Amino acid sequence: MNQYFYPRSELRATIANLPIHAERNSGLSSVREHEKGNSRQSGALALSGISLSFGGVTALSEIDLNIVSGEIRSIIGPNGAGKSSLINIISGVYRPDSGHIRINGHTYQKVPTHQLARLGIARTFQNLALFKGLSVLDNVKISRVHHSRATFLEQITGLGRARREETDSLNRSNAIIDFLDLGDVRHSLAGTLSYGLQKRVELARALVAEPKILLLDEPMAGMTPADKQDLTGFIRAARDQFGTTVVLIEHDIGVVMGLSDRIAVLDYGRKIADGTPAEVRSNQAVIDAYMGIDHEENPTGGSN
Ligand SMILES: Nc1ncnc2c1ncn2[C@@H]1O[C@H](COP(=O)(O)OP(=O)(O)OP(=O)(O)O)[C@@H](O)[C@H]1O
Ligand SMILES: [Mg+2]
């Protein structure tokens, strides 16, 4: 059950007046040039013909989505549009009924969840998923576990590779904690932090795994405007400094318009638009979807 509900009527129509992300600063232009030259190399992640239903409910219908390396790509749409389902397919939680997923040149019908970290994918969840009784540092360090190559013997004796890995894990965790300006709460129990800081710790946990692709499912839900502004800055900095490809689900249209290179819009499980913030905000199908106008009257208007 969702903590925050966004009825269509409350989402309507402010889109046209919002400031949009300055494309020239995004690096997207060069990414696009590269994409024209060789779409395979530049495509970090591609979904083709993805459909998914739960019983009689169609969550996703024939979704095509091509995400290029280093872009911040938002996925928006009203409640129940299929956004989380899409993230769950990319992260291997669900197997689509049809279609496939291409990650770094490999094609999957179902993404192998247990290899997610090795594939360079990290995610945060729509609802908080921290170990509240552990410190911030321990919460972050846990995500380095998949980097371990030490043998069982090395791990129980704490010698050899195990010791080097422990030091490496500690250093990287501390570096990410500093990067996200969480140094003051490094040793605090996660459960004692404000909601905004806990969401930031979740981001730290995802980033410490050094993902190529970061999936964020409503990272700002329930945050204060100040916390949102901070997190927006950190997400942008992660992309700029680490080259991380970001797939962002977010209901705050202001945040989305300001942060995204491109935006895909879902409605009733279908992709109804896909383009730059400027393109999406002037797309009639998107405006109709947010106005709650019946989707049957509005055939697909997007392109990939
Ligand atoms: N595990 C599930 N079992 C049954 N139906 C599901 C399940 N997960 C999603 N659905 C249904 O699939 C549709 C898409 O849901 P999804 O959670 O992907 O939407 P969403 O866009 O993330 O919505 P929200 O903005 O509320 O988070 C909805 O009709 C939802 O009720
Ligand atoms: Mg959702």
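Data table
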| quantity | calculated |
| --- | --- |
| Built amide H within the under 5 Å cut-off of Asp97, gap 5+ | Ser51, Leu52, Ser53 |
| Subset of Lys83/Lys110; Lys110/Lys199; Lys141/Lys212; Lys83/Lys199; Lys199/Lys271; Lys141/Lys228 violating a 21 Å alpha-carbon distance limit | Lys110/Lys199; Lys199/Lys271; Lys141/Lys228 |
| Sorted peptide list for 276-284, 97-105, 203-211, criterion being average Cβ within 10 angstrom, highest first | 203-211, 276-284, 97-105 |
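All of the numbers you see were taken from the coordinates with simple rules; none came from a lab. Since the model is a prediction, treat every value here as computed from it, not as a measurement. Quick reminder, even Gly has a Cβ in these numbers, built from the backbone with ideal geometry, and neighbours come from all protein chains shown.
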